[in-house]
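Take a look at the structure set out below.
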Amino acid sequence: MPPSKTSYVCLPCRASYKQPYDSEREVRVCPRCAGTLIHVGSAFAAPRRRDTAAWRTLSVLLHAGVRFHKSCCGGPGYRPRTLREVKERTAYARRSGEPFARALVRPELPN
């Protein structure tokens, strides 16, 4: 059986690549710019290259440590899709003291 593929992203190029996962090969290189690719997980769906707001949102998520790995019951769970959702969760994390990465993946914010 061939190895399963997972997604890697280059944020400057706004490009996503599916490649076999190899735990021994830590650094992946973007074929366009030769920059380092970020491992985002197998449940990732890339936004369109022209959608700068979606890529900005994705950048915030990835820099916070949020990834798109499948869980035992389906997909990766809730992930914000807009900058507005990111800002709401950022404000909530500051108010409540909840870690930023945990607030980002919270489906609903408490009142």
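The values are calculated or read from the model by the stated rules, or taken from the named source; none is laboratory data. Predicted model only: the values in this text are computed from it and were never measured. Note: ideal-geometry Cβ built from the backbone for every residue, glycine included; neighbour counts use all protein chains shown. Keep in mind that these areas ignore ligands, DNA and RNA; they rest on the heavy atoms of the full protein, side chains included. Shrake-Rupley method; radii C 1.70, N 1.55, O 1.52, S 1.80 Å.
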A careful count of residues in region 21-43 that are touching a helix residue (DSSP H, G or I) at 6+ places or on another chain (Cβ under 9 Å) and part of a loop (DSSP other than H, G, I, E, B) gives 0
For region 49-64, indicate whether the set of residues that are in a loop (DSSP other than H, G, I, E, B), closer than 16 Å to ALA101 by Cα, modelled with pLDDT of 90 or more and not hydroxyl-bearing (Ser, Thr, Tyr) is non-empty. yes
Looking across region 1-55 at residues that are basic (Lys, Arg) and surrounded by 11 or more Cβ atoms within 10 Å (Cβ to Cβ), the single one that is farthest from PHE68 (Cα to Cα) is ARG32
Being touching a His at 6+ places or on another chain (Cβ under 8 Å), within 27 Å of LYS87 (Cβ to Cβ) and hydrophobic (A, V, I, L, M, F, W, C): is that true of ALA53 here? no
So for region 58-67 (the condition being open to solvent by 60 Å² or more (accessible area, probe 1.4 Å) and more than 9 Å from the chain's Cα centre (by Cα)), does at least one residue qualify? no
Residues being open to solvent by 80 Å² or more (accessible area, probe 1.4 Å) and either of a type in the set (S, T, N, Q) or in contact with a helix residue (DSSP H, G or I) (Cβ under 9 Å, 6 or more places away or on another chain) (or both): count how many of those fall in region 75-99. 2
